[in-house]
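Written below as structure tokens is the structure these notes are about.
The values are calculated or read from the model by the stated rules, or taken from the named source; none is laboratory data. What you are looking at is a predicted structure, and each value in this text was computed from that prediction instead of being measured. Backbone-built Cβ (ideal geometry, glycine too); neighbour counts: all protein chains shown. All accessible areas refer to the heavy atoms of the entire protein, side chains included, with ligands and DNA or RNA removed. Shrake-Rupley method; radii C 1.70, N 1.55, O 1.52, S 1.80 Å.
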Amino acid sequence: MDIISSCAEQLTPAGELHHLLTLDGLDRNTVAALLDRATAYLRPAGARPARDGALQDTTVANLFFEPSTRTRASFELAAKRMSADVLNLDVNTSSRIKGESILDTIYTLQAMQVDVFVIRDASAGVPAYIANHVQPHVSVLNAGEANLSHPTQGLLDILTIQQHNPDFESLAVTIIGDIAHSRVACSAVQGLRIMGTRDIRLVAPPGFEPDMANFPGTQFTHDIDSAIEGSDVVMALRVQKERIKEKSGLITNEQYLLKYGLTAERVRLAKPDAIVMHPGPMNRNVEITSEVADGAQSVIERQVTNGLAVRMAVLAAITESRKK
Ligand code: CP
């Protein structure tokens with residue numbers, strides 16, 4: 001497939017969100033407005049979920065060419081709670097298995113009046129490629145692209161951090177683990193920088209070091225303990241074994257936990273009120289202990305709740321801009 005690397009314009013000439021392909025290049029007002037919208041969709045546990053009719057007569061298709069629980073389920077629930085028609089294409093029983101190209105799949109669904117494509121794909125550039133080929137009224141939302149971009153994850157992470165402390169400029173944020181393969185880390189760093197955070201620390205084991213070109217404005221170290229010291233936010237990342245080509249040189253799970261795992265002892269190096277984040281799915285007792293994941297400082301389930309609200313906010317924003 002001929003993948004083009006340039007991003008389609010995400011914003012309309014009036015500056016409104018039409019596609020969401022990356023957080024890179026969005027301004028603080030746009031991100032803050034999405035966080036405000038998402039906050040309005042949050043409800044206390046046990047309360048009736050927020051609903052609105054903003055997506056009435058809109059059709060949303062979820063096309064996930066990689067596995068997902070959180071992102072796929074929350075996009076589906078978000079669209080349904082906003083009154084959209086929702087199509088979840090089962091990729092494994094679709095005609096892509098017979099060799100149909102991704103564009104022919106998109107054109108086929110577009111001919112059935114799909115208005116919004118939610119795309120997860122292992123290859124870099126696929127969401128932008130699709131955005132560059134759909135009809136002008138159709139929106140594309142990136143639900144996870146290679147190791148490069150996961151913008152709604154970035155937004156839900158920023159919202160979760162904002163709930164802890166909205167003074168982004170003052171925060172020290174430490175992101176630990178398999179940074180090399182992490183689209184979550186890319187989008188979190190982009191979001192934090194947009195919001196003004198200057199102290200962003202990256203920690204990875206040898207062999208998992210990031211391409212620093214993807215992480216401007218951050219500091220990298222192998223020294224996990226010194227990085228966590230004094231942090232307001234500590235985010236552990238999943239070891240993405242499915243993206244690691246040469247597995248023979250990998251350290252064992254036990255060694256990983258010992259040297260780079262987020263343990264209670266390490267969390268005590270952060271500020272006393274620091275929050276612990278993980279995008280999920282977790283490899284428990286590899287990159288994070290169960291004691292920490294389920295502990296008082298963990299906001300991992302709050303991240304999931306915020307994810308649904310963020311996806312409702314993004315769907316509302318693109319629908320508003322499409323209707324103008
Ligand atoms: N965080 C995240 O993207 O999780 P899923 O792969 O379950 O969607």
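The set of residues from the stretch 182-236 being of a type outside the set (Ser, Thr, Tyr), within 18 Å of GLN303 (Cβ to Cβ) and in a helix (DSSP H, G or I) comprises ARG183, VAL184, ALA185, CYS186, ALA188, VAL189, GLN190, GLY191, LEU192.
Residues in the stretch 294-314 that are open to solvent by 10 Å² or more (accessible area, probe 1.4 Å) and aliphatic (A, V, I, L, M): 4 in all. Residues in the stretch 121-144 that are in contact (Cβ under 8 Å) with a residue 40 or more places away in the chain and open to solvent by 20 Å² or more (accessible area, probe 1.4 Å) were compared, and the one that is nearest to the ligand (Cβ to nearest atom) is ALA122.
Taking the stated definitions as given, is ARG37 part of a helix (DSSP H, G or I), surrounded by 19 or more Cβ atoms within 10 Å (Cβ to Cβ), in the same structural domain as VAL138 (by TED's automatic domain parsing) and not polar (S, T, N, Q)? It is false that ARG37 is part of a helix (DSSP H, G or I), surrounded by 19 or more Cβ atoms within 10 Å (Cβ to Cβ), in the same structural domain as VAL138 (by TED's automatic domain parsing) and not polar (S, T, N, Q).
Before we move on, is THR263 free of Cβ contacts under 8 Å to residues at least 60 places away in the same chain, within 30 Å of GLY25 (Cα to Cα), more than 16 Å from the ligand (Cβ to nearest atom) and more than 21 Å from the chain's Cα centre (by Cα)? So THR263 does not fit the description; no. Please tell me if LYS271 is open to solvent by 40 Å² or more (accessible area, probe 1.4 Å) and either more than 30 Å from ALA61 (Cα to Cα) or β-branched (Val, Ile, Thr) (or both). Yes.
Only one entry in VAL126, VAL173, VAL140 is closer than 28 Å to GLU301 by Cβ and aliphatic (A, V, I, L, M), namely VAL173. Take the conditions (1) in contact with an Asp or Glu (Cβ under 9 Å, 6 or more places away or on another chain); (2) at pLDDT 95 or above; (3) within 26 Å of LEU308 (Cα to Cα); ALA293 misses just one of them, which is (1). Just one residue in the set MET112, MET82 is open to solvent by less than 20 Å² (accessible area, probe 1.4 Å) and away from the ligand (no atom under 16 Å from the Cβ); that residue is MET82. Look at ARG70 and say whether it is in contact with a helix residue (DSSP H, G or I) (Cβ under 7 Å, 6 or more places away or on another chain) and basic (Lys, Arg). Yes. Looking at the structure I just gave you, is ILE318 part of a helix (DSSP H, G or I) and among the β-branched types (Val, Ile, Thr)? Yes: the conditions hold for ILE318. Taking the conditions (1) outside any loop (DSSP other than H, G, I, E, B); (2) out of contact with any strand residue (DSSP E or B) (no Cβ under 7 Å at 6 or more places or on another chain) in turn, LYS271 satisfies each one other than (1).
If you go through the stretch 237-252 and keep only what is open to solvent by 30 Å² or more (accessible area, probe 1.4 Å) and modelled with pLDDT of 90 or more, you end up with just ARG238. Condition first: over 14 Å from ALA143 (Cβ atoms), part of a helix (DSSP H, G or I) and outside the structural domain of HIS278 (by TED's automatic domain parsing). Can you find one or more residues in the stretch 70-77 that meet it? No; the residues of the stretch 70-77 include none that is over 14 Å from ALA143 (Cβ atoms), part of a helix (DSSP H, G or I) and outside the structural domain of HIS278 (by TED's automatic domain parsing). PRO49 fulfils the conditions (1) away from the ligand (no atom under 16 Å from the Cβ); (2) in a loop (DSSP other than H, G, I, E, B); (3) within 27 Å of ALA111 (Cβ to Cβ) except for a single criterion, (3).
Of all residues in the stretch 52-61, those that are farther than 21 Å from PHE117 by Cβ and surrounded by 13 or more Cβ atoms within 10 Å (Cβ to Cβ) total 1.
Counting the residues of the stretch 52-76 that are within 16 Å of the ligand (Cβ to nearest atom) and either more than 26 Å from TYR129 (Cα to Cα) or acidic (Asp, Glu) (or both) gives 2.
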